[in-house]
Amino acid sequence: MIEIQDVSKWFGDFRVLSNCSTHVAKGEVVVICGPSGSGKSTLIKCINGLESFQEGVITVNGISVGAEGTNLPKLRASIGMVFQNFELFPHMTIAENVCLAQLKVLNRSRAEAEERAAQLLNRVGLSNQAAKHPAQLSGGQQQRVAIARALAMDPIAMLFDEPTSALDPEMINEVLDVMVALAQEGMTMMVVTHEMGFARKVADRVVFMDEGRIEEDARTEEFFGAPRGERAQMFLSKILSH
Amino acid sequence: MVGRFDFTVIFSNLDILWNGMLITLLLTVVAIVGGILLGTILALMRLSRFKLPAYAAGRFVDAFRATPLILVIFWFYFAVPIVTGRPIGGLYSVLIAFTLFESAYYCEIIRAGIQSIRLPQVHAGLALGLTRWQATRHVVLPQAFRNMVPLLLTQAIVLFQDTSLVYVVGLKDFLTAADLVATRDNRVVEMYLTAAVVYLVICSLGSLWVRRLQRQYAI
Ligand SMILES: Nc1ncnc2c1ncn2[C@@H]1O[C@H](COP(=O)(O)OP(=O)(O)OP(=O)(O)O)[C@@H](O)[C@H]1O
Ligand SMILES: [Mg+2]
């Protein structure tokens, strides 16, 4: 469903991505990990065109992201994205956050949008928070709203960029539980995370990035069994010892 | 002249003062609303990815900010009839002059407000499938305006006080009217005191109202 072929990207002279290739099949869960600054966020933002890239091809469901005539808003509406710092809209209530794009992009009626919002908020365990503003919620709650907001667009795939790394430890699991349920229902997911427990549990493959390169791309059990590269081994032992 | 004060001078000149107040308020409201609308457009142009609109808006703003308001008023009063071929009258010319002049200042306030919204917020909007304009309209501008309220208010108060400059083209705003009555009826102290109180009350009410709005929309 998501195909990344030989993608390279530069910020000025600085090469952030070097010939990255990987893919996510329908229903597959792929975890991306790697040290800070290795280009994980940049790669994931290239998939829905929030970042442009100079070389290579990315296709989502056969549509080329970087191509000239691609309708990016339409493409993005079909891919959910969850950010490290939630990025809920602070001037709107929780319900409005979940309804906005349903109304403006999918042209759903207000009643329809509100019903879908209620359904999804219920699903992430926040049905009684709809009238509140984001600032009145805990980080874990906000991130669950952000997931509901993305799901409201009925996406064909979901991208997560370190969804739990801004959370207090006691809130990480409430967010991971939602993600695990989503994965088990067959959602196609690409997840940047250092939560190796999550990776072991639901990931089909693990991709390890370092200095803009994809150094490992292995089935989960192989990756945890014995990562081939030295850097991946070092990285793994470092985060598993925490 | 000195001796007892006589505040009945206000009541015997109520109509001229009231008409002055109408001009002051009309000018203030039109220039605030028009200035913010135009200022928003200018700010979006200045921040645009396209060079030409960004450049044009930039020069427009620089030109007005480099010119004293009184000169802008004169300029529109004399120049507009030359361009259009017929006189448009003092009131219209100052409405245009004030609106354009204010829009240059509002543009800079609004531009800073827009820039204060972090990029990830825009990304969150775009990732949901909003177009660039929809993300600006529904995500960036509401937050930007909320952050800008105090500055917009300050600018509005300055504008309210600046409306007295219209006397240069023969219009009688509230202060000009009060001044006229003061010298004609020899009631300088009474009239200037009244004018000061009226300005103070209106500005305070304005601040109060905005602060209430702000609390209502605060989170
Ligand atoms: N807009 C930008 N301009 C210039 N350099 C950038 C920009 N965005 C990111 N970079 C650089 O690109 C590199 C990769 O950044 P990226 O955010 O993709 O890393 P990451 O793997 O997500 O790291 P982290 O774990 O810290 O989130 C970093 O060195 C970063 O400093
Ligand atoms: Mg990152």
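Computed values, structure above
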item	result
Some residue of region A:96-107 being closer than 22 Å to B:His123 by Cα, of a type in the set (A, V, I, L, M, F, W, C), open to solvent by less than 20 Å² (accessible area, probe 1.4 Å) and facing chain B (nearest Cβ under 9 Å)	yes
One residue from A:Gly197, A:Gly186 being surrounded by fewer than 14 Cβ atoms within 10 Å (Cβ to Cβ), more than 15 Å from ligand 2 (Cβ to nearest atom) and either on the phi < 0 side of the Ramachandran plot or not small (Gly, Ala, Ser) (or both)	A:Gly197
Among residues of region A:1-35, those that are over 21 Å from A:Thr220 (Cα atoms) and within 16 Å of ligand 2 (Cβ to nearest atom), counted	5
Qualifying residue in region A:121-134 (condition: in contact with a Gly (Cβ under 9 Å, 6 or more places away or on another chain) and either more than 17 Å from A:Glu195 (Cα to Cα) or at pLDDT 95 or above (or both))	no
Residue satisfying all of: in region A:142-183; surrounded by fewer than 19 Cβ atoms within 10 Å (Cβ to Cβ) and either closer than 25 Å to A:Cys46 by Cβ or within 16 Å of ligand 2 (Cβ to nearest atom) (or both); farthest from the other protein chains (Cβ to nearest Cβ) among these	A:Ser165
Residue count, region A:75-95 (criterion: at the interface with another protein chain (Cβ under 7 Å from one of its Cβ atoms) and either in contact with a His (Cβ under 9 Å, 6 or more places away or on another chain) or more than 21 Å from B:Leu141 (Cα to Cα) (or both))	8
Answer residue from region A:21-37, given it is at pLDDT 95 or above and within 14 Å of ligand 1 (Cβ to nearest atom) and is surrounded by the fewest Cβ atoms within 10 Å (Cβ to Cβ) among those	A:Val31
Any chance A:Arg110 is open to solvent by 40 Å² or more (accessible area, probe 1.4 Å), modelled with pLDDT under 95 and more than 14 Å from every other protein chain (Cβ to nearest Cβ)	no
Scan of region A:41-61 for residues that are away from chain B (no Cβ under 14 Å) and either crowded, with 20+ Cβ neighbours inside 10 Å or closer than 14 Å to A:Arg76 by Cβ (or both), ordered by number	A:Leu43, A:Phe53, A:Ile58, A:Asn61
2 or more residues β-branched (Val, Ile, Thr), in contact with a helix residue (DSSP H, G or I) (Cβ under 8 Å, 6 or more places away or on another chain) and away from ligand 1 (no atom under 16 Å from the Cβ): qualifying helices (runs of 4 or more DSSP H) within region A:90-208	A:94-104, A:139-151, A:169-184
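The values are calculated or read from the model by the stated rules, or taken from the named source; none is laboratory data. The model shown is predicted, which means the values in this text are computed figures rather than measured ones. Positions of Cβ are backbone-derived with ideal geometry, glycine not excepted, and every protein chain shown enters the neighbour counts. When the accessible area is computed, the model is the full protein with side chains, heavy atoms only, and any ligands, DNA or RNA have been set aside. Shrake-Rupley method; radii C 1.70, N 1.55, O 1.52, S 1.80 Å.
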